[in-house]
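The values are calculated or read from the model by the stated rules, or taken from the named source; none is laboratory data. No experiment lies behind these values; they were computed from the predicted model shown. Using ideal geometry, Cβ is built from the backbone for each residue, glycine included, and neighbour counts are taken over all protein chains shown. We work out accessible area using only protein heavy atoms, side chains counted, and drop any ligands, DNA or RNA first. Shrake-Rupley method; radii C 1.70, N 1.55, O 1.52, S 1.80 Å.
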Amino acid sequence: MVTRRSLLAGSAALGLYGTLPARAESSSIVVGTWGGDYGALLQQNIDVPLMKPQGIEVSQDIANQDPRRTKLIAERTSRRASMDVACINDIDSYMLSQLGVLETVPAAEVPRLSQVIDVFKKPHSIPHIYSALVVLYNPSKVTTPPTRYADIFDPKYKGRVGLSDILWNFNMAGANIGAGGTPTDFTKGKAALMDLKKLEPKVYPSNETLAAALKSEEVWISMMWLARGFMWKQAGIPVEMAIPEEGALPILFEAGVPKNSRAKDGAFKYLNAMLDPQAQVAFARKMGYVPTVKDAKLPDDLAKQISLTEAQQAKLRPLDYATMQAQQAAFNDFWNKEFKG
């Protein structure tokens, strides 16, 4: 009986061992993500077409942003993390990198880093997609198009302002910009939100429940990602998007690999696949988020709907990540106990 062992032994004796075809080894990774449309797009454009041919099976650990961040921090001293790739927003990316949770992304293992737009490059994560916080409104109810974040504070919208609870930190930052605050001082933003509280705003537990409220016309105006507005408009929800003239707050969705990932090789391959130009264009078509790589070309009609002009890009108002990290607990307490309470 000829066994693989005897065959290899005979081949070695003939000096042919290195010429035998290698047996493909399969592996698996866990990707922590939001699920929903984002998770489905990962499956359709990355997990199946790009990872499966490499012998890498992908499963998703689905949760909102805060529980995923909490889990990553709690697990940082564990022998193994429960996820190998973590999808995160830019605030949490900064926080997790400062806490030593994320592995440095090696250019040799993620070669498509060379195509990333320079301003988005970071040592501990890859930028996946981005958009900007805009004023979302129902044009049949808000007949004068808003031009600034501060327009949501107008008393004429009493009871008709809706906000997504999971975007609480970005809602605070947008309100702060609208109130004339600075990236490091939210005093004016907090005061504006307390004034808004008197106008009976509605806070919804998720983006999806806010979308339902906009569709039913329970609310007329909100702060939301331009990309989400595009997606909801495509779905028939009566909304338009206004980019604040004082400068919009950008949002960057990223991905990183925990230092205690059990499958770093597969995880870095996944990061590389997230930077695939066709996959990024697929996210843009479905969700309205703009690609972060130079070689992903959007159709002109789509680019006009989801991209910012050069002038608007120049006026973007990035978060001060150090402030957001230092004030995370205090800001969360303010949002939950004072604004919502």
Residue, modelled with the lowest pLDDT, within the range 30-59, restricted to residues that are assigned to a helix (DSSP H, G or I) and in contact with a Lys or Arg (Cβ under 8 Å, 6 or more places away or on another chain): Asp37
Scan the range 84-93 and give yes if some residue there is of a type in the set (Ser, Thr, Tyr) and open to solvent by less than 50 Å² (accessible area, probe 1.4 Å), otherwise no. yes
Single match in Lys141, Lys122, Lys188, Lys156 (criterion: free of Cβ contacts under 8 Å to residues at least 12 places away in the same chain and out of contact with any Leu (no Cβ under 6 Å at 6 or more places or on another chain)): Lys156
Applying the selection to the range 204-215, what residues are under 15 Å from Leu136 (Cβ atoms) and either assigned by the TED database to the domain that holds Asn64 or in contact with an Asp or Glu (Cβ under 7 Å, 6 or more places away or on another chain) (or both)? Tyr204
Would a scan of the range 324-333 turn up a residue that is loosely packed, with under 15 Cβ neighbours inside 10 Å, over 21 Å from the mean Cα position of the chain (by Cα) and outside any helix (DSSP H, G or I)? no
If I filter the range 279-299 for residues that are out of contact with any helix residue (DSSP H, G or I) (no Cβ under 9 Å at 6 or more places or on another chain), farther than 15 Å from Leu42 by Cβ and among the charged types (D, E, K, R), do I get at least one hit? no
Those residues of the range 215-270 that are small (Gly, Ala, Ser), within 14 Å of Ile306 (Cα to Cα) and under 19 Å from the mean Cα position of the chain (by Cα) come to a total of 3
Does Ser140 fit the bill of being outside the structural domain of Met224 (by the TED database), open to solvent by 20 Å² or more (accessible area, probe 1.4 Å) and over 22 Å from Ile251 (Cβ atoms)? no
